[in-house]
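Enquirer: I have a structure I would like to understand better, so I am pasting it below and will then ask my questions one at a time.
The values are calculated or read from the model by the stated rules, or taken from the named source; none is laboratory data. On a predicted model such as this, the values are computed, not experimentally measured, just so you know. Glycine gets a Cβ as well: all are built from the backbone with ideal geometry, and neighbour counts include every protein chain shown. These accessible areas exclude ligands, DNA and RNA; they are computed on the full protein's heavy atoms, side chains included. Shrake-Rupley method; radii C 1.70, N 1.55, O 1.52, S 1.80 Å.
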Amino acid sequence: MKRKACIIFISLIFFQTLTAQQVFQPTWESLKQYSTPDWFQDAKFGIFIHWGVYSVPAFENEWYPRSMYQQGSAAFKHHREKYGDHKTFGYKDFIPMFKAEKFNAEEWLTLFKNAGAKYIVPVAEHHDGFAMYNTALSKWNASVMGPKRDIIGELATATNKAGLVFGVSSHRIEHWWFMNGGRKFESDVLNPEFQDFYGPAHEENETMSPEFMNDWLLRCTELTDKYHPQLFWFDWWIEQPALEPYRKSFAAYYYNKAREWGKGVVINNKYEKAYPEGTTVLDIERGKLADIRKLPWQTDDAASYKSWGYIPEDSFKSVKYLVNNLVDIVSKNGCLLLNIGPRPDGSIPEEAKDRLLGIGKWLQVNGEAIYGTRPWKIFGEGPTQVAGGAFSDAKDKPFTAEDIRFTVKGEFLYAISLDVPMKDLKIRALGSSSLNRKIETVELLGSNEKIKWTQNNDGLLIRPVKNYPAENAVVYKLKLN
C-alpha cells in the first residue's frame, strides 16, 4: 500500500512538473522557453495590409488622422480647404465614406496566393482607434459602422480556406496620444460625444493609465479568441516601461492558447526593449540585417515608397527590387512581410497587383530556393554593401549579377545571382579551397539547358546561357559531394 501511494505521489509530481513546463507564465524566464514554429521559418513571404478609414482622405499617408489635427501641417491645411472646419468635419466623418463596396476577401486571397505568399497580416486596428473587426469593446468598428462588415473575420475565413496562415496586427497602443493635436484648438476631438473614439489623446510623455493598458490587453485577447491568428504583430510603442506586465501577460496568454489550438504562433515586435531576445520574433521596419541572425526574424516593408495606406499619388518599388530584397532577407534567416494599401472601396491598386504577381512569377520558377530553406554558413558575397537596420531601404544600392546569396535545403545548396548574368559568373565562396568540398552538379532552376561550369581553387565559374527562365534573379542548384 505504501509503495502504491509512493507511485501515485511520484506520478503526481511528474504530472505537475510536466504541466508547469507546458504552461507559459507571464515572466521573462518562462517566455524564453518559446521557440519559433517551423511554419514561419518555412514560409519566408507574407502580405501586410494597411486598410482603414485613413484610405478615404488618402492624403500623404496613413497618419492623416493625426496630422490633420496638427496645426500648420500640410494635412491640416488640406483638410480645411477640402472638408471645412475641424469642429464640424473631423476624422469621424470619414467613417460613413469608408464603404468597402468592392471588397472581396476570396479575391484578395487568390491574388496573395498567386503572389506566392504563405501568410497574411491585415491591420486589425491602426493608431486611429477604428477597429476593422467585430469588437465588443468599442462601437467604433467596421462591423457596425462604415462597411458594416467584419473585415478581419472575412479575411480569416478566406485565408484558412486558401490554406494560408492568418495573422493580425495591432497598433492600438499608439492611440494613447495619436489624436492629441485636436485638443489644442477648437475641433471635434474636444466634443465629449466622441471621447470614446478620439480619447484619451494624451501627450506622448504621459504614462499610460492602467485602464488604457488593460483595454489594450483585452483587445489583444479578444482578437486572439475570436480569430485564432497564428501571428500577432505589434508596432513600436509597446516598448513603454509601464506596459511591461501587460506585454508579458499577453504573450503568456497567446502562447498558451496556441498550445490549446495545437498550432505554432509568432509575436512580432520591433525592438528588444519590448520583448527580450528569444521570447518573440524580431521585426525590422523598412530595412534588413547586414548578416545572418541565428534566430529567425522578419522585415516589414511596403511595395510603395510614400505610404503604408492607400494614396493615389504613391510610387512603387520595382519587382526586381522586391525580389532581391526577399532573397537577401531569406539568406540571412529572415522573412519578408510586404505591405499593400487597398483603396477605400476594397479594390487593390493595379501597381500593387503588378508587383505581387511579378514576385509570384519569380517564385513559381525559383521558390524551391526560398520556401523551407535555411541559411548557409555565409549569406553571400558580392560588391554591393547592404545598409543594415530599420528604415535603411532608401539607402539600398542596386544589386548586380556578381551579388550572390545562398540558401540550403536538404542536400542542396542554392546560389542565387541577384541579376541575370550576361557573362561568366565567378562565385568565390564555392572554390575548392574555401569550400573544401567538390561540386557534383550545377543546375539552373526552371531550365533544362545543360550548364557549363568549372570549379577550381579560386571559385566556381558558371558560363552564361542564352535563355534564362526568370527575370530579376537566377538560381543555381548545387549538389556537393
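Enquirer: Condition test on residue 88, is it under 20 Å from residue 216 (Cβ atoms) and either among the small types (Gly, Ala, Ser) or in a loop (DSSP other than H, G, I, E, B) (or both)?
Expert: Values: under 20 Å from residue 216 (Cβ atoms): no; either among the small types (Gly, Ala, Ser) or in a loop (DSSP other than H, G, I, E, B) (or both): yes.
Against the criterion (under 20 Å from residue 216 (Cβ atoms) and either among the small types (Gly, Ala, Ser) or in a loop (DSSP other than H, G, I, E, B) (or both)), residue 88 does not qualify.
Enquirer: Scan the strands (runs of 3 or more DSSP E) fully inside region 348-453 and keep the ones with 2 or more residues being in contact (Cβ under 8 Å) with a residue 40 or more places away in the chain and of a type in the set (A, V, I, L, M).
Expert: 412-417
Enquirer: Let me ask something else about it. I need the full set of residues from region 271-314 which are surrounded by fewer than 21 Cβ atoms within 10 Å (Cβ to Cβ), of a type in the set (Phe, Trp, Tyr) and more than 27 Å from residue 29 (Cα to Cα), in order please.
Expert: 305 - this is the single residue of region 271-314 that is surrounded by fewer than 21 Cβ atoms within 10 Å (Cβ to Cβ), of a type in the set (Phe, Trp, Tyr) and more than 27 Å from residue 29 (Cα to Cα).
Enquirer: Taking the condition of being open to solvent by less than 10 Å² (accessible area, probe 1.4 Å) and out of contact with any Asp or Glu (no Cβ under 9 Å at 6 or more places or on another chain), how many residues in region 130-151 meet it?
Expert: 2
Enquirer: Answer with yes or no whether residue 325 is touching a Leu at 6+ places or on another chain (Cβ under 8 Å) and at negative phi.
Expert: It is true that residue 325 is touching a Leu at 6+ places or on another chain (Cβ under 8 Å) and at negative phi.
Enquirer: Sort out which residues of region 159-175 are open to solvent by less than 10 Å² (accessible area, probe 1.4 Å) and either free of Cβ contacts under 8 Å to residues at least 60 places away in the same chain or at positive phi (or both), and write them in order of number.
Expert: 159, 175 - these are the residues of region 159-175 that are open to solvent by less than 10 Å² (accessible area, probe 1.4 Å) and either free of Cβ contacts under 8 Å to residues at least 60 places away in the same chain or at positive phi (or both).
Enquirer: Answer yes or no as to whether residue 113 is open to solvent by 80 Å² or more (accessible area, probe 1.4 Å), charged (D, E, K, R) and part of a helix (DSSP H, G or I).
Expert: yes
Enquirer: Please count how many residues of region 61-77 are in contact with a helix residue (DSSP H, G or I) (Cβ under 9 Å, 6 or more places away or on another chain) and not in a loop (DSSP other than H, G, I, E, B). Steps first, answer last, please.
Expert: Residues of region 61-77 in contact with a helix residue (DSSP H, G or I) (Cβ under 9 Å, 6 or more places away or on another chain): 61-71, 73-76.
When the remaining residues are screened for being not in a loop (DSSP other than H, G, I, E, B), the result is 64-67, 74-76.
Matching residues across region 61-77 total 7.
Enquirer: Of all residues in region 315-347 being surrounded by fewer than 20 Cβ atoms within 10 Å (Cβ to Cβ), closer than 28 Å to residue 414 by Cβ and touching a residue at least 40 places away in the same chain (Cβ under 8 Å), which is nearest to the chain's Cα centre (by Cα)?
Expert: It comes out as 321.
Enquirer: Right, something else. Out of everything in region 33-60 that is part of a loop (DSSP other than H, G, I, E, B) and among the charged types (D, E, K, R), what residue ends up being least open to solvent (accessible area, probe 1.4 Å)?
Expert: If we take residues in region 33-60 being part of a loop (DSSP other than H, G, I, E, B) and among the charged types (D, E, K, R), then 44 is least open to solvent (accessible area, probe 1.4 Å).
Enquirer: I'd like the full set of residues that are touching a residue at least 60 places away in the same chain (Cβ under 8 Å), open to solvent by 40 Å² or more (accessible area, probe 1.4 Å) and of a type outside the set (Lys, Arg), limited to region 212-235.
Expert: 218, 228
Enquirer: Give region 381-394 a look and list any residue that's in contact with a strand residue (DSSP E or B) (Cβ under 9 Å, 6 or more places away or on another chain) and at negative phi, or say none.
Expert: Listed by number, the residues that qualify are 381, 386, 387, 388, 390, 392, 393.
Enquirer: Considering 416, 427, which residue is of a type outside the set (S, T, N, Q) and under 17 Å from residue 333 (Cβ atoms)? Before the answer, list the steps.
Expert: Details: 427 fails: under 17 Å from residue 333 (Cβ atoms).
Matching residue, one of 416, 427: 416.
Enquirer: Moving on to the next point. When only residues in region 237-270 that are among the hydrophobic types (A, V, I, L, M, F, W, C) and surrounded by fewer than 17 Cβ atoms within 10 Å (Cβ to Cβ) count, which is nearest to residue 132 (Cα to Cα)?
Expert: Top of the filtered list is 261.
Enquirer: Could I ask something else about it? When the residues of region 374-395 are narrowed to those that are open to solvent by 40 Å² or more (accessible area, probe 1.4 Å) and within 20 Å of the chain's Cα centre (by Cα), which ends up farthest from residue 291 (Cα to Cα)?
Expert: 394
Enquirer: Additional query: I need a count of the residues in region 417-434 that are closer than 20 Å to residue 475 by Cβ and open to solvent by 10 Å² or more (accessible area, probe 1.4 Å).
Expert: 8
Enquirer: Can you tell me which residue is surrounded by the most Cβ atoms within 10 Å (Cβ to Cβ) among those in region 349-373 that are out of contact with any strand residue (DSSP E or B) (no Cβ under 6 Å at 6 or more places or on another chain) and closer than 30 Å to residue 145 by Cβ?
Expert: The selected residue is 356.
Enquirer: Filter region 454-465 down to the residues that are part of a strand (DSSP E or B) and surrounded by fewer than 16 Cβ atoms within 10 Å (Cβ to Cβ) and list them by number.
Expert: Matches in region 454-465: 454, 456.
Enquirer: Applying the selection to region 77-99, what residues are open to solvent by less than 30 Å² (accessible area, probe 1.4 Å) and in contact (Cβ under 8 Å) with a residue 40 or more places away in the chain? Can you show your working first?
Expert: Here is the first cut: in region 77-99, the ones open to solvent by less than 30 Å² (accessible area, probe 1.4 Å) are 79, 84, 86, 90-92, 94-95, 98.
86, 90, 91, 92, 94, 95, 98, listed by residue number.
Enquirer: Would region 181-204 turn up any residue that is within 20 Å of residue 54 (Cα to Cα), part of a strand (DSSP E or B) and open to solvent by less than 70 Å² (accessible area, probe 1.4 Å)?
Expert: Checked against the condition, which is being within 20 Å of residue 54 (Cα to Cα), part of a strand (DSSP E or B) and open to solvent by less than 70 Å² (accessible area, probe 1.4 Å), region 181-204 yields no hits at all.
Enquirer: Could you tell me which of the residues 414, 468 is closer than 17 Å to residue 325 by Cα and surrounded by 13 or more Cβ atoms within 10 Å (Cβ to Cβ)?
Expert: Numbers: 468 fails: closer than 17 Å to residue 325 by Cα.
Unique residue meeting the criteria: 414.
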